[in-house]
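Reading through the structure tokens given below for one structure.
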Amino acid sequence: MNLLVPLGLIGLIALPIIVVLHMVRQRRQRVRIPTIRLWAALTPPPERQQRTLPLTLLLALHLLVATCLALSLAQPAWIFGAAAPRHLVIILDTTSSMAANRSFTQAQQQTDDLINDLGRDDSLAIVELNHEARLLGYGGYAERQQLRQIVAELAPAGNNANLAQSLSIANATLANDRQNQLIVLSDGALPANSTPLSVAAELEWRMLGESTANSGIVNFASRRLPNQRNALYARVTNFSDLPAARTLTLLVDGEVESEQNLVIQPGGSEERTWEVANGELAELELSPNDGYTLDDRAVLALSRSGSLRVHLATLTPSPLERMLRSLPNIELSVGSTVSNQRVDLTVLNGVLPQQLPTSALLIVNPPSDPRLPTQDSVLGEQASSAVLDADFAGIDLSSVQWGGRRPINRDEIPAGLNSVIETDTQSPLVLRGTWQEHATIVWLFNLDNANLSAKLAFPLLTAASIANLTGGSLPEQLAAGSFAPNTPLTRPDGEAQALDQRLNQAGLYRVVGSNRGGIAVNFGDPQESNLQQQTQPMISQSPQPEGDRLPPQGTPLWPLLVGLALVALIFEWWYSFRS
């Protein structure tokens, strides 16, 4: 038995106090007598008779209650058979190949089991094994639900797992006062390490999955030709010991462009090229599907390499038109109303039609409207301007005279829009976000009454706004498992993509409110598509950190003692009432 708070034994001082109280307590009994005349002549005895301890059931019950309560204050614990507190580190492989053979499902289930087995004094850390290793969670017995939620929200996506970085994070979490244990949950599809690997803990490697024959699309790329057509290139690799017969189908904007039968030799690759007309989306499909379907399909956005189609809707000539025509890769059309043609971006200068176009919106000098309730222009205002968003960093607006700013009350800013540039009086100048289901930036000023068009900040602000709305600065492809860029995106399944999460779905991620192609995310990779059983990496075990180990805490007994005291009090009350 172990006492967690030995000072609580001071409560045992109540035992002699109870004994003394029982000894000095006088018991009087009422007796009817005819007279006390005869007692008056009695003389008291020379010595009082010595008191003796009355051994009664009530005394025993009182002593029992006091003893139980005093011991419970010391918080005793039963340590027979109890294990010493431990610190467990789980390195969880979240790369793409874990999606095959239900490997990731098994890893999640085993992680849940390890979390459920945590003792009350154990601690646990979960480290993600991917291209960029991360500490996903840290906690103990009380945080089990949060740890389980973290694991449930993970999805396999990524390549080039950095085992050395994961082990470095794991070593940093080790505890000096606990028994350290490290468990790696992986299918072993890891790149070779050039440096020795070691961990200062007891190591257990759990290999998941099994060897599976697989062939997949490991490369799909495009290049714009001088004749404005697209050259496409694809490579398909067979990761098995037997020849693989597959059919490779190319689709452009949903129409079949080419269909070829392939016979890929064991360990070999087949390469194909095509020249196709300009379009929105190219898709490559490998059939029939095998056990790992993620690398049987690849996509490319063809329209991203072309010009950006912009329509300027304005009632009067504007410096915006000259600026837009000077920017590269801009196909500009101008009119007094929105365009009926499909465009990537609509610039609304001083107009706000009831029927909005389907493209992204750059709204300049918006008229007052219930949907965007601006007020009359403020004239002659000059103020230094604060940039509140990294996408607009480096734009110096301090010397601009805002002669035509259109104020808007902060509590009237539509939901989805946020202030990204403000005056020194915290008045919004530029809003950005999603408005009326469109990616939108609002310039709350009139260019005709401001000197912005004569400043270097004008082209910088214009270019930053266009890039933010259309994703002009975004890459055409990102590897599966990459973190989402700081641009509103919709996933291939149509749901919004969280900005701080990995891109873990295969397909095209589209910029919110834009008609442009988007970012292609494909899962085919020479390392991850190889589902043959891999050799377990060599990891040496160095001595564990030295420190004062926590003793086993055992099972707490104070609830049992408090319960026993309560039972004794109830019985004492019943006995006294019955007497």
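General remarks:
- From the list Arg178, Arg246, Arg235, the lone residue that is touching a residue at least 24 places away in the same chain (Cβ under 8 Å) and surrounded by fewer than 19 Cβ atoms within 10 Å (Cβ to Cβ) is Arg235.
- Test result for Leu203, within 30 Å of Val521 (Cα to Cα) and either in the same structural domain as Gly279 (by TED's automatic domain parsing) or of a type in the set (A, V, I, L, M) (or both): no
- Ala161 being at negative phi, surrounded by 19 or more Cβ atoms within 10 Å (Cβ to Cβ), of a type in the set (A, V, I, L, M) and not in a strand (DSSP E or B): yes
- Verdict on Ala189 being outside the structural domain of Gln501 (by TED's automatic domain parsing), among the aliphatic types (A, V, I, L, M) and over 21 Å from Gly139 (Cβ atoms): yes
- Top-ranked residue in the stretch 497-535 [being of a type in the set (D, E, K, R) and in contact with a Gly (Cβ under 6 Å, 6 or more places away or on another chain); ranked as surrounded by the fewest Cβ atoms within 10 Å (Cβ to Cβ)]: Arg510
- Only listed residue being within 18 Å of the chain's Cα centre (by Cα), within 24 Å of Asn530 (Cβ to Cβ) and either of a type in the set (A, V, I, L, M) or modelled with pLDDT under 95 (or both), chosen from Leu92, Leu163: Leu92
- When Gly291 is tested against (1) surrounded by 21 or more Cβ atoms within 10 Å (Cβ to Cβ); (2) under 35 Å from the mean Cα position of the chain (by Cα), only condition (1) is not met.
- Taken over the stretch 100-116, the criterion of being under 25 Å from Ser168 (Cα atoms) and not polar (S, T, N, Q) is satisfied by Phe104, Ala107, Asp112, Asp113, Leu114, Ile115.
- Sole residue being surrounded by fewer than 20 Cβ atoms within 10 Å (Cβ to Cβ) and of a type outside the set (Asp, Glu), chosen from Leu444, Leu417: Leu417
- Residue match in the stretch 454-475 (condition: within 21 Å of the chain's Cα centre (by Cα) and touching a residue at least 12 places away in the same chain (Cβ under 8 Å)): no
- Among the candidates Asn515, Asn530, residue that is of a type in the set (S, T, N, Q) and at pLDDT 80 or above: Asn530
- Pick from the stretch 311-336, criterion in a loop (DSSP other than H, G, I, E, B) and in contact with a strand residue (DSSP E or B) (Cβ under 6 Å, 6 or more places away or on another chain), ranking: farthest from Leu352 (Cα to Cα): Asn329
- Any hit, the stretch 137-150, residues being surrounded by fewer than 19 Cβ atoms within 10 Å (Cβ to Cβ) and in contact (Cβ under 8 Å) with a residue 40 or more places away in the chain: no
- Picking from residues in the stretch 342-372 that are within 19 Å of Trp402 (Cα to Cα) and surrounded by fewer than 18 Cβ atoms within 10 Å (Cβ to Cβ), the one that is modelled with the lowest pLDDT is Ser368.
Here is a yes/no grid of residues against (1) more than 22 Å from Thr314 (Cα to Cα); (2) of a type in the set (S, T, N, Q):
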residue	(1), (2)
Ile413	yes, no
Gln426	yes, yes
Gly433	yes, no
Ala439	no, no
Asn449	no, yes
Thr470	no, yes
Gln477	yes, yes
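- Filtered residue count, the stretch 483-496, keeping only those that are modelled with pLDDT under 90 and surrounded by 18 or more Cβ atoms within 10 Å (Cβ to Cβ): 5
- The combined condition, being hydrophobic (A, V, I, L, M, F, W, C), closer than 28 Å to Pro357 by Cβ and in contact (Cβ under 8 Å) with a residue 12 or more places away in the chain, is not fulfilled by Ala479.
- Which numbered condition Ala133 misses (of (1) free of Cβ contacts under 8 Å to residues at least 40 places away in the same chain; (2) buried (at least 17 other Cβ atoms within 10 Å of the Cβ); (3) over 30 Å from Ala506 (Cβ atoms)): (3)
- Answer residue from the stretch 257-271, given it is more than 39 Å from the chain's Cα centre (by Cα) and in a strand (DSSP E or B) and is surrounded by the fewest Cβ atoms within 10 Å (Cβ to Cβ) among those: Asn261
- Some residue of the stretch 200-217 being among the small types (Gly, Ala, Ser), surrounded by fewer than 20 Cβ atoms within 10 Å (Cβ to Cβ) and within 30 Å of Leu174 (Cα to Cα): yes
Matching residues to (1) modelled with pLDDT of 95 or more; (2) of a type in the set (S, T, N, Q); (3) out of contact with any His (no Cβ under 6 Å at 6 or more places or on another chain); (4) not in a strand (DSSP E or B):
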residue	(1), (2), (3), (4)
Ala172	no, no, yes, yes
Asp177	no, no, yes, yes
Arg206	no, no, yes, no
Ser215	no, yes, yes, no
Pro226	no, no, yes, yes
Asp241	no, no, yes, yes
Thr249	yes, yes, yes, no
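- Looking only at the stretch 100-118, and only at residues there that are in contact with a Ser or Thr (Cβ under 9 Å, 6 or more places away or on another chain) and of a type in the set (A, V, I, L, M, F, W, C), the one that is nearest to Arg144 (Cα to Cα): Ala107
- The residues of the stretch 267-285 that are closer than 23 Å to Ser96 by Cβ and out of contact with any Leu (no Cβ under 6 Å at 6 or more places or on another chain), listed by number, are Gly267, Gly268, Ser269, Glu271, Arg272, Leu281, Glu285.
The values are calculated or read from the model by the stated rules, or taken from the named source; none is laboratory data. If you're wondering where the values come from, they're calculated on a predicted model, not measured in any experiment. Because the Cβ atoms are built from the backbone with ideal geometry, glycine has one as well, and the counts that use them run over all protein chains shown.
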